[in-house]
Amino acid sequence: MSQGEWRLRPPRNTLDRRAIAWWRTQWLLWAAGPVFTLGLLGALIAPARFWLLGPAALLAVLGLTCAALIPRWWYAVHRWEVTDEAVYVRTGFFRQEWRIAPMSRIQTVDTVRGPLEQMFKLSSVTVTTASAKGAVRMKGLPHEQASQLAEQLTRITQATPGDAT
Amino acid sequence: MSEPAPPSAESTAEVPESGPDKGAYGAPEEGWRSLDRRTLLVTAVVTAGVVLGAGVPTAVGMAGGGMPLGEVLAWLLAGAGLVIGAGTGGDYVRWRRTRYRVGPERAELHTGLFLLKRRSLARERIRSVDLTANVLLRILGLVKVRIGTGEQTGGESTLELDPVTRAEGERLRRELLARATEEAGAYGEGALAAFDRKWIRYAPLSFLAPVLGASAVGGVLQVSEWFGAQSRLFDWLGDFFRATTVLGGSLILLAGMGLAGAVGALGLWVEMWWNYRLEREAGGTLRVRRGLLTSRSVSIEERRLRGVEVVEPLGVRMVGAARVDAVATGLAHEDEDERTEAKALLPAAPRTLADTVAARVLREPVSPTRGATLIPHPRAARGRRLRWALGYALAPVAVLTVLGLLLTDVLLYVAAAGAVVLLPVAVLLALDAYRNLGHGLSGRYLVTRSGTLARTTVALQRGGVIGWRVRQSVFQRRAGLLTLTATTAAGSGGYSVHDAAEGEGLAFAESAVPGLLAPFLVRSGTRSRPYG
């Protein structure tokens, strides 16, 4: 093998840029709850103020750092691609994962829009096969693209005979 | 279907009179049948058993409390009558309200009093008809029938008929699973494997034995506590250890536990596997029949068979035996236990026989689990296994050492002993785990092997692979390894090749299912950034 080893190439498409903002908001909301609670308690309970406000500050810094850095990184790591034959998705960094589901084996195509995703005009598309371990998820696609994709996938899968097992 | 059934339990219309099964259903109400009436008897007996179990201690308690015996009996009999009556009455209502029908298109079940449940399965989707009969049902000549589809999701796709007569159960099984007989007789119908008493020697070697032994100890402690004799038991144990040495006493106790576990495992094995028989029936159905007291019959359509799994738990492997499980879609799996039961094709038996049975089941001259040349995995995989093993072995030793330094020297000795025992075992297991890794192709099958405590060799039909999942942790990336999972509709949903060499693994996946991975593969001389 003079040419080198086979490798999986990254899927073609990145997510929508808005996904970064979406993830950021998620991180901020996630951190805001405990920070707010701790802060409120700290304001009310004078004797334990240090022990309440300290962690609150720590959490706030942590949350802000995560919100600033991680989404950008996730954006770089998440990629997807749909060809005529298959759906191909890559996720993760510390435990990178590639999933490939052939069109002929796709059973359902779900489009989900959470409340937060709605705000950012994003959708998630989940493609399931007959395998309990074979679901392929694409999060953070723009609305139009997601529905287009779902429609395209549904059309292709309906054209395939058999029960896809 | 011209129109949906009207929403009442009396909807008996729309059964075509000219259905192919017209003759078979001479029953009233156009094919609707009810369960066997003797279910009432079964319920009454079962409830009576429960009442007896609860009633005797209660009676002892009440009599002990100073109540005259006659009064105690009167109370108890009244209570028992009430409970048994209520149970049987409830079952009567269930029996009255439950009806089923097998039409040319669908199998239907209507049941429920307040909440009407109607379930109907398209006959072409029915993949399994399993019969079970416990002792009581067997005496009465009844069976419980479960009709299932190949759906992986939800338990909503099963019809349960509890109970019908054995003849009716057999008829349903034959009729629902009978399909156009293709290639009949190619590899012959009839028995593929039959019960052999000698297999019982593998029963005590299973992992069940120590578990049963430990639970026997738990049981003794529990019972002694009920009778307030626990302190006496501990006194006796103290005397016992004083009479012998600590080491000798422990060994004797361990031997006793082992013996109890072995006896338990033997008993369970006999109940599970007595009268075992694996056969192929006309129409391409595999059927496993077994059980001493509770008889079970599991049918697996060959259409939904995607391969086999040869499993060798450590103890069983050391004496050269193996178990065979089916990798099939839609086996009944309401809970994990039933799934394990349903997929077993052969209990632990000599390895050569296991391979033969696997070959016969797959209609192959040689089982892929034996015939395939497996590619060993890179040495980096061995390093990973050794590191894990050392981690697992050293963690308790480290904890004990720290505690020993802080508290008492005794723990240091325990830690040292632990290290002496655990480290070699861990290293041996790790080396074995590495040696067991392998993957290869054999005809229509993809074969992968892994595991040490239970070595599993899976032969999966390449046509049954419905996708790939490739995983690579940071450590694997540095070592040039990856874990490939072939996803499938059958069995556990995915079968993995652990820690294969990166390039070779991907090439293997591509050659196993040509064309699926190819568009996403590139050759590279240099290692590129993990995301680019």
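The values are calculated or read from the model by the stated rules, or taken from the named source; none is laboratory data. None of these values were measured; they are calculated from a predicted model. Note that we place each Cβ from the backbone using ideal geometry, even for glycine, and neighbour counts take in every protein chain shown. What goes into the accessible areas is simple: the full protein's heavy atoms, side chains included, and nothing from ligands, DNA or RNA. Shrake-Rupley method; radii C 1.70, N 1.55, O 1.52, S 1.80 Å.
Once you sort the root eigenvalues of the Cα gyration tensor of the protein assembly as shown as a ≥ b ≥ c, which label holds: rounded (a/c under 1.5), prolate (a/b larger than b/c) or oblate (the other case)? Rounded shape, in that the Cα axes give a/c under 1.5. Helical content alone sets the calculated 222 nm signal of chain B at -14500 deg cm²/dmol, taking -39,500 (n - 2.57) per DSSP H segment of four or more residues and averaging over every residue.
As a fraction of the 1.4 Å probe accessible area of chain B, surface on carbon and sulfur atoms comes out at 64 percent.
Taking all protein chains together and a 1.4 Å probe, the residues B:Val223, B:Val246 rank B:Val246, B:Val223 from largest to smallest accessible area.
Taking a Cβ cut-off of under 13 Å around B:Leu40, the surrounding Lys, Arg, Asp and Glu residues balance to a net charge of +1, with basic ones at +1 and acidic ones at -1.
Number of Lys-Lys pairs in the protein assembly as shown under 26 Å by Cα, sequence gap 8 or more or different chains? The number of close lysine pairs in the protein assembly as shown is 7. Residues A:Leu53, B:Leu411, ordered by accessible area of protein heavy atoms at a 1.4 angstrom probe radius and largest first, appear as A:Leu53, B:Leu411. Would you work out if the range A:73-147 is rounded, prolate or oblate? Take a ≥ b ≥ c from the square roots of the eigenvalues of the alpha-carbon gyration tensor; rounded if a/c is under 1.5, else prolate when a/b is larger than b/c, oblate otherwise. It comes out oblate by the Cα gyration axes. Averaged over the residues of peptide A:54-64, the number of Cβ atoms from other protein chains lying within 10 Å of each residue's Cβ is 0. Restriction of the trypsin sites (Lys or Arg not before Pro) in the range B:37-110 to DSSP coil positions whose beta-carbon has at most 12 other beta-carbons within 10 angstrom yields B:Arg37. For the pair the range B:477-514 / the range B:213-284, the C-alpha centres are spaced 42 Å from each other. Computing FRET efficiency as 1/(1 + (r/R0)^6) for B:Leu259 and B:Ala416, where r is the C-beta to C-beta distance and R0 is 25 Å, gives about 0.25. Of the residues A:His143, B:His439, ranked by 1.4 Å probe accessible area with the largest first, the sequence reads A:His143, B:His439. Interface between chains B and A: roughly 3700 Å² of accessible area buried, both sides summed (probe 1.4 Å, protein heavy atoms only).
Split chain B at each of the chymotrypsin sites (Phe, Trp or Tyr not before Pro) in a DSSP loop with at most 12 other beta carbon atoms within 10 Å, and the longest piece is B:228-532. Amide H to amide H, with H built 1.01 Å from N, B:Ile375 comes under 5 Å of B:His439, B:Gly440, counting only residues 5 or more places away or on other chains.
For the range B:233-283, what does the alpha-carbon gyration tensor say about shape, rounded, prolate or oblate, given a ≥ b ≥ c as the root eigenvalues, a/c under 1.5 as rounded, and a/b over b/c as prolate? It is prolate, given that a/c is not under 1.5 and a/b is the larger ratio. Under a 5 Å amide H cut-off, with hydrogens placed 1.01 Å from N, B:Leu292 pairs with B:Met272, B:Trp273, B:Trp274 among residues at least 5 apart or on other chains.
Per residue, the protein assembly as shown exposes an accessible area of 51 Å² to a 1.4 Å probe, with every protein chain left in place.
Take the solvent-accessible surface of the protein heavy atoms, probe 1.4 Å, and return the percent of it on the range A:14-76 that carbon and sulfur atoms account for. The computed percentage sits at 80. Once the C-beta distance of B:Leu405 and B:Thr244 is scaled by a Förster radius of 25 Å, the resulting FRET efficiency is 0.15 to the nearest 0.05. Where in chain A is the longest stretch that carries no trypsin sites (Lys or Arg not before Pro) classed as loop by DSSP and with at most 16 other Cβ atoms within 10 Å? Result for the longest clean stretch: A:18-112. Counting Cβ atoms of other protein chains within 10 Å of each Cβ in B:492-498 and taking the mean gives 2.
Just to confirm a number: summing +1 for Lys and Arg and -1 for Asp and Glu over residues other than B:His439 whose beta-carbon lies under 10 angstrom from that of B:His439, what do you get? So the surrounding residues net to 0. Relative to the compact-globule estimate of 2.2 N^0.38 Å, the Cα radius of gyration of the range A:14-76 comes out at 1.37.
The Cβ shell under 11 Å around B:Phe475 holds other residues with a net charge of +4, Lys and Arg each +1, Asp and Glu each -1.
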